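Values in this text are rule-based calculations from the coordinates and carry no lab data. This is a predicted model, so every value here is computed, not measured. Quick reminder, even Gly has a Cβ in these numbers, built from the backbone with ideal geometry, and neighbours come from all protein chains shown.
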Amino acid sequence: MKNFLNIRSAGMKKNAIRAMCDKAKKIPGSINLGIGEPDLNTPVEVIEAGCKALHSGKTRYTANAGIIELRIEIAKHLNKYNLSANPENEIIVTMGGMGALALCLLVTITPGDEILLQDPQWLNYFSQIKFCGGMPILVPVYEENEFKVSSESIKKRITNRTKILMLNSPNNPTGTVLDYNDLKDIAKLAKEYDLLVVSDEVYSTFVYDGVKHHSIASIDGMQERTIVINSFSKSFAMTGWRIGFASGNKKIIEKMAMLQENLVACVNASSQYAAIKALSIFNKTDKMIEVYRKKRNLIVDGLNSIRGISCYKPKGSFYVFPNVKKIGNNSETVANELLEKANVVTIPGSAFGPHGEGYLRISYANSEENLREAVKRIKKHIENLA
Ligand SMILES: Cc1ncc(COP(=O)(O)O)c(C=O)c1O
């Protein structure tokens with residue numbers, strides 16, 4: 001029999017996060033700090049809104065770009081970040097942030113285009129870009145610079161084939177938040193070199209210590225050259241509902257809606273009605289953020305109390321990216337040993353790109369009890385090594 005797989009799928013590999021979590025399933029009693037998912041349940045009023053929608057007959061296909069009632073609420077939500085988008089043609093409801101990213105990259109990348117993204121970066125960008133025939137061009141970020149992607153290092157990598165700059169603030173895996181001035185410098189470059197910016201803001205709610213989330217699209221002249229990606233997954237603990245959205249350049253959003261029609265028709269109706277409810281209780285997320293801030297402090301202080309580990313305290317998302325170079329040069333070996341000997345799941349930093357080597361990604365979206373126990377286990381394991 002022929003090999004029916006095409007060349008694009010041949011390059012796809014199992015995601016390192018999934019691979020680690022699969023390994024962990026075989027080890028009973030392990031604490032999973034690998035998965036990037038809120039440990040909370042979806043707010044009860046959101047669940048009720050989803051159920052009510054189903055019971056009242058909202059069981060059919062919806063508009064390809066999503067129900068207009070939700071797009072209107074998303075437009076109001078975007079206003080909070082100084083973004084204005086027309087719900088008719090500048091907003092699309094998608095299958096999570098991932099669905100938004102996939103549609104956006106599929107309608108914009110022409111094989112051979114160069115796409116700039118930071119290193120280390122969330123794994124899925126790389127595979128989505130490759131699948132579309134794009135060339136991922138890595139822009140390294142460094143701990144000494146709080147893992148911030150700088151406009152100078154972006155500039156060095158721009159060529160006449162560069163089409164898109166991917167940004168992700170607050171960041172996965174480092175937790176770094178870009179401030180307004182960082183974004184202004186990057187925006188200047190994007191305008192000068194005529195780049196499209198894909199700004200993944202799925203962790204926009206997760207900012208701490210008085211830091212504010214800013215979107216690059218809110219900067220003068222950026223709205224039309226930016227696609228903002230966001231999601232209900234993290235902010236409302238709705239990962240399984242598969243709902244997110246994108247906003248920005250009308251021409252691109254309209255093509256994304258056409259492609260969504262051809263691929264999956266629309267996002268399931270009940271999730272869309274639940275999402276309207278979620279946006280209506282957005283002010284309640286403040287309490288949740290306070291809980292995450294405490295967890296961040298707990299894990300950062302805990303890790304910094306372990307000899308051989310140093311952990312930068314990030315201002316956003318729910319990940320920390322501790323430096324483990326003094327424990328071992330190979331982060332995959334360190335993570336495997338932590339799993340096998342300390343029963344704690346972490347993700348090797350090298351999975352996120354060459355400049356992630358020497359670090360681990362740890363998600364603190366877990367109970368305080370588990371975080372304390374995990375720190376204890378890691379400490380014990382490392383003391384035993386010494
Ligand atoms: C940076 C980033 N973007 C996008 C997503 C996609 O999330 P979802 O598709 O659940 O909205 C994730 C999920 O982990 C993420 O970490």
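Legend: residue pairs LYS76/LYS250; LYS156/LYS251; LYS13/LYS255; LYS26/LYS376; LYS13/LYS326, Cα-Cα distance threshold 19 Å; pairs beyond threshold, LYS156/LYS251; LYS13/LYS255; LYS26/LYS376; LYS13/LYS326.
Close amide H pairs (under 5 Å, H built 1.01 Å from N) link GLN118 with VAL139, residues at least 5 positions away or on another chain.
Shape class of the stretch 92-171 from the Cα gyration tensor (axes a ≥ b ≥ c, square roots of the eigenvalues): oblate, since a/c reaches 1.5 or more and a/b does not exceed b/c. Take each peptide in 266-278, 111-123, count the other Cβ atoms within 10 Å of every residue, and average; sorted highest first, the result is 266-278, 111-123. For the chain, the longest principal axis of the C-alpha atoms and the axis of helix 44-55 are separated by about 40°.
Applying 1/(1 + (r/R0)^6) with R0 = 41 Å to the Cβ-Cβ distance of ILE72 and PHE4 gives a FRET efficiency near 0.40. Full extension of the chain segment joining LYS313 with ILE27 gains 100.0 nm, where the gain is 0.36 nm per residue of separation less the Cα-Cα distance.
A straight chain from GLU383 to MET12 at 0.36 nm per residue would run longer than the Cα-Cα distance by 129.7 nm. Annotation: amide H-H contacts under 5 Å for ILE31 (H modelled 1.01 Å from N, sequence separation of 5 or more, or interchain): VAL344, VAL345. The radius of gyration of the Cα set in the chain, together with its Dmax, comes out at 20.7, 63 angstrom.
Taking the Cα centre of the stretch 210-326 as origin and assigning +1 to Lys and Arg Cβ atoms and -1 to Asp and Glu Cβ atoms, the resulting dipole is close to 600 debye. Along the charge dipole of the chain, pointing to its positive end and built from +1/-1 on Cβ of Lys, Arg, Asp and Glu, which listed residue (MET238, ALA386, TYR193) has its Cα farthest out? Selected residue: ALA386. About the centre of its Cα atoms, the stretch 91-231 shows a dipole size close to 400 debye [charges on the beta carbon of Lys, Arg (+1) and Asp, Glu (-1) only; nearest 20 debye].
Per-residue packing, averaged as other Cβ atoms within 10 Å, sorts the ranges 77-84, 102-109 into the order 102-109, 77-84, beginning with the highest. In a simple Cβ point-charge model (Lys, Arg +1; Asp, Glu -1; nothing else charged), the chain has a dipole of about 720 debye relative to its Cα centre.
Seen against the Cα atoms of the chain and their longest principal axis, helix 96-108 is set at about 60 degrees. Taking the DSSP bridge list for the chain and keeping only pairs wholly inside it, about 45 percent are antiparallel. Using the Stokes-Einstein relation with a Kirkwood hydrodynamic radius computed over Cα pairs, the translational diffusion coefficient of the stretch 186-249 at 20 °C and a viscosity of 1.002 mPa s comes to 167 µm²/s.
Note on the stretch 175-235 and the stretch 3-42: Cα centroid distance 28 Å, given to the nearest whole angstrom. Taking the charge dipole of the chain about its Cα centre, with +1 at Lys and Arg Cβ atoms and -1 at Asp and Glu Cβ atoms, the residue from ILE306, ILE27, ASN41 reaching farthest to the positive side is ILE27. A simple packing score, the average count of other Cβ atoms within 10 Å per residue, orders the peptides 140-153, 63-76, 194-207 as 194-207, 63-76, 140-153, with the highest score first.
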